[in-house]
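Engineer: My questions all concern the structure below.
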Amino acid sequence: MEKICVAVRVRPPAPENGASLWKVEDNRISLHKSLDTPITTASHAFDHVFDESSTNASVYELLTKDIIHAAVEGFNGTAFAYGQTSSGKTFTMTGSETDPGIIRRSVRDVFERIHMISDREFLIRVSYMEIYNEEINDLLAVENQRLQIHEHLERGVFVAGLKEEIVSDAEQILKLIDSGEVNRHFGETNMNVHSSRSHTIFRMVIESRGKDNSSSDAIRVSVLNLVDLAGSERIAKTGAGGVRLQEGKYINKSLMILGNVINKLSDSTKLRAHIPYRDSKLTRILQPALGGNAKTCIICTIAPEEHHIEESKGTLQFASRAKRITNCAQVNEILTDAALLKRQKLEIEELRMKLQGSHAEVLEQEILNLSNQMLKYELECERLKTQLEEEKRKQKEQENCIKEQQMKIENLNNFVTNSDFKRNQSEDFIISRKTPDGLCNVNDTSDVPGTPCFKSASRSFVVARSNNYSGLSDFSPMVHSLGDVADEDTWMKLNKGFVADLDQIQFTPAVKCQPTPSSIATTECPRENHSEVEDLKSRIQLLTNENDSLQVKFNEQVLLSNNLMQEMSELKQETLTVKEIPNRLSESVANCKDVYKDVIVTMKSLITDKESPTANLLLGTTEITTSLLATLETQFSMIMDGQKTGSSIDHPLSDHWETLRVNLKNTTTLLLSDAQAKDEFLNSHNKGQETAALEEKKLKSELIIIKERYNELEKELCLDKQLLEASRESHEKLIKEVQFLKEERDSLDRKISQSTQRLRVISSDKENALKDLNVEVKRRKDMEEEIKHISIAFATRHKSFVSFHSEIKSKMQKLTTQNSKAP
Ligand code: ADP
Ligand code: MG
């Protein structure tokens, strides 16, 4: 990205107008009075500011030379002069003989540069145009007027029909420019006698390619625009009228649009949404130079005179805005043969080829090649056509195949449903049998052999049949059709006047009747019915068999159920017995308690001294045992209560028992040791006391009895505990067993109900099938009756026919005899 290069050039003032009011310092310009005092503090800075003493050479050197050199390298370049009339635009761009302007210098410089670049070959094309009253005219060819602007993908914006001269040196271009200048529109205004009334654009298209062909095929194409704009002054000031006024309006309009474009491009705050390039031809042509792919410089020329101050200020404003525009220039490389250079080379090569052989031969060869190619295309086209048709055919086949497969799948689905559920099958059978036509052919197994597919087969079959015999359900078809067949005339017609052999007719009447479709029906119908009846019979047999097997199964289930019930009642009895155990145990504990109380009472009566260790021991033991027995009682009652409520019981009895046992043991040991100590004491101090000895013996024996009793109790309790444990286990087992039996009973109940249901369904099926069978049998009988009637009718007809025949025969014989007699 680079900014547009903007410079200001101040024209030297006319001698009669005195000194310039514009003061130039380096690249700044400001307004000053003749006494060098600044009029305003405003000072404008630009890339370059050229004062009145500047030459075109310096302008070119500082401002445009780089752009021209870049154009030779392949960059687009534009230099244009902007300013009011007579401010020096044409002087800057065209120059004078002594000081040539930018165009001439550029042209010379381009060729100089080209000569300096040895590794590339160049092709230069030039064009020169003016935009006058918004019309593009060719300055190199006066006949090219009002040219149009076009846009091309490769070429970009271009003027259609504009003459482009290929040039080989600078002088050639300068001559062309001179000739073009003659065609320019000049007008006389107050401002400048030779004031240009149009914008002129001198354009150089520089194409180049590396001389070494193998390295790169890229062609660089750059466009260099050198523009001399028409004056930007206000119309009022020029004093123009008529044609001049009109010109001025156009000039001003296009310059105003240029100003707009520059304003929009310079306004960095706004997004570049829409730049009105298309509003004027000038901006359209300069589009790449303004905010596009080009290196651009603008020379803004100002007239230094006091009465031009306003215009000059306007020009400086324009210049300031233009300074803010950024362009993005890049080398234009073309890799296709769109570049003229390449195209020309190819053309030259072709021409050379043509020149080598005779013209006719080359043409013939070309025609031959073309016709060969045509033939190839045609063949290819034909091949593609047949391929397409083949594809289409294949697709159709595939579609048909898919349809068939789908139908098969449908039939199979029906088949599976029918065969999987026999019950359903029977229902389907019944439903199909109940269709109003009553003609379902159970033997029609065209789709799935072996098993009848009622749904699919019957439908088509029924339709076919009902079309032929619509009145069949009401009456036998034979009767209707017979009315026609039995008519003598029709009979004759049908036999086409053939006199049948009467014996044969009598012998095989059915065969003779066969050609009419009704007769086929009458002969085939009973056969069909017969097969249907047969089928129904076999079906009923099947159902009966199934019914029987189910009955057997049902009986087995009932037996099993009865057995289980018995087992369950036995188990219940056992449970009751088990439940009785804690009760009995409780009773035995109560008995124990009573016995124990008696023992204690007896023992207490034996003890005289209430404070003796024996008494103490007895008391302790009594307490422990009583507590133990009480615990046992409560435990048993708890178990019994639990049984009643059905809740599970913890069994802390054993634990409790264990602690009691330990306590009892400890007390006993303590008492024994105490007794022994006392014994020893008495032995050593009072051996002679007989009463004491007796008492002691008594006590000892008592103690032994208590001990024994205690041991017995302990054993009993142990046994009780074991018994309780066993009863608990068996109780749990029984509960589980009862649960299991309950479940089994439930499942059996379910099975029984299912079997009953099925049995019911089968019975109803059987009944329906029987009904159907009866209907069929009746129908068959009716049909047989009908056939009998028909046979009789036929026989009567036959008889009458025979008599008629014999009558005719006799008459004919009579006639023959009469005829033979007549002569
Ligand atoms: P414009 O093209 O802007 O209407 P011109 O280039 O025709 O103006 O200039 C008007 C006159 O001023 C011409 O006679 C031209 O020779 C003269 N002039 C312009 N600029 C200079 C300059 N820098 N040095 C000398 N004379 C100049
Ligand atoms: Mg001019």
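Engineer: Using the Karplus equation 6.51 cos²θ - 1.76 cosθ + 1.60 (θ = phi - 60°), what ³J(HN,Hα) coupling, rounded to whole Hz, does each residue of segment 760-765 give in order, writing x for Gly and Pro?
Structural biologist: 5, 4, 4, 4, 5, 4
Engineer: Further question on the same structure: Using 1/(1 + (r/R0)^6) with R0 = 51 angstrom and r between the beta carbons of Glu380 and Asn183, what's the FRET efficiency to the nearest 0.05?
Structural biologist: 0.35
Engineer: Using a basic spin-label model with each label point 7 Å from the Cα along Cα→Cβ, how many nm lie between Asn547 and Lys33?
Structural biologist: Result for the modelled spin labels: 14.0 nm.
Engineer: Same structure again: With every protein chain left in place, what is the accessible area of Cys718 in Å² (1.4 Å probe, nearest 10)?
Structural biologist: 70
Engineer: While we're on this one: With +1 on the Cβ of every Lys and Arg and -1 on the Cβ of every Asp and Glu, and nothing else charged, how large is the dipole of segment 14-173 about its Cα centre, in debye rounded to the nearest 20?
Structural biologist: With only Lys, Arg, Asp and Glu charged at Cβ, the dipole is about 260 debye.
Engineer: Mind listing the long-range amide H neighbours of Arg120? Cut-off is under 5 Å, sequence gap 5 or more, other chains count too, H placed in the peptide plane at 1.01 Å from N.
Structural biologist: Distant-sequence amide H within range of Arg120: Lys211.
Engineer: What is the gain in length, in nm to one decimal, between Ile117 and Glu97 on full extension, counting 0.36 nm per residue of separation less the C-alpha to C-alpha distance?
Structural biologist: Contour length minus the Cα-Cα distance gives 4.3 nm.
Engineer: I would also like to ask the following. With labels modelled as points extended 7 Å from the Cα through the Cβ direction, what inter-label distance (nm, one decimal) is found for Asn17 paired with Met256?
Structural biologist: 2.5
Engineer: For Glu349, Glu207, what's the largest-to-smallest order of accessible area, 1.4 Å probe?
Structural biologist: Glu349, Glu207
Engineer: At 1.4 Å probe size, with no ligands or nucleic acids counted, give the accessible surface of Glu716 in Å², nearest ten.
Structural biologist: Around 70 Å² of this residue is reachable by solvent.
Engineer: What does the charge add up to near Ile790, with Lys and Arg as +1, Asp and Glu as -1, over the other residues with Cβ less than 11 Å from its Cβ?
Structural biologist: Around Ile790, the charge tally is -1.
Engineer: Filter Lys163/Lys253; Lys537/Lys788; Lys175/Lys281; Lys89/Lys313; Lys65/Lys295 down to the pairs with a C-alpha to C-alpha distance above 21 Å, please.
Structural biologist: Lys163/Lys253; Lys537/Lys788; Lys175/Lys281
Engineer: Still on this structure, please answer the following. Rounded to whole Hz and in sequence order, give me ³J(HN,Hα) for segment 124-133 from the Karplus expression 6.51 cos²θ - 1.76 cosθ + 1.60, θ = phi - 60°, writing x for Gly and Pro.
Structural biologist: 10, 10, 10, 9, 9, 9, 10, 10, 10, 6
Engineer: Report, by chain and number, residues whose modeled amide H sits under 5 Å from the one on Val167, excluding near sequence neighbours (fewer than 5 apart, same chain).
Structural biologist: Ile124, Arg125, Val126
Engineer: Here is a further query. Rank Ser30, Gln84, Ser54 by how far each Cα sits towards the positive end of the charge dipole of segment 1-109 (+1 on Lys, Arg Cβ; -1 on Asp, Glu Cβ) and give me just the farthest.
Structural biologist: The residue sitting farthest along the positive end of the dipole is Gln84.
Engineer: Measuring from label point to label point, each 7 Å out along Cα→Cβ, what is the Asn819 to His152 span in nm?
Structural biologist: 10.9
Engineer: Tell me, what HN-Hα J-couplings in whole Hz come from the Karplus equation 6.51 cos²θ - 1.76 cosθ + 1.60 at θ = phi - 60° for each residue of segment 143-151, using x for Gly and Pro?
Structural biologist: 5, 7, 10, 6, 7, 9, 8, 10, 10
Engineer: Solvent-accessible area of Phe91, probe 1.4 Å, all protein chains present, reported in Å² to the nearest ten, please.
Structural biologist: Counting only protein heavy atoms, Phe91 exposes about 100 Å² to solvent.
Engineer: Using the crude model of +1 on Lys and Arg Cβ and -1 on Asp and Glu Cβ, and no other charge, please compute the dipole size for segment 3-99 relative to its Cα centre, in debye to 20.
Structural biologist: Result for segment 3-99 is approximately 320 debye, rounded to the nearest 20.
Engineer: Provide Leu384, Leu316 ordered by accessible surface of protein heavy atoms (probe 1.4 Å), highest first.
Structural biologist: Largest accessible area first, the list is Leu384, Leu316.
The values are calculated or read from the model by the stated rules, or taken from the named source; none is laboratory data. Computed from a predicted model, the values in this text were never measured in an experiment. All Cβ positions, glycine included, derive from the backbone under ideal geometry; neighbour counts span all protein chains shown. The accessibility values were calculated without ligands, DNA or RNA, using every heavy atom of the protein model including side chains. Shrake-Rupley method; radii C 1.70, N 1.55, O 1.52, S 1.80 Å.
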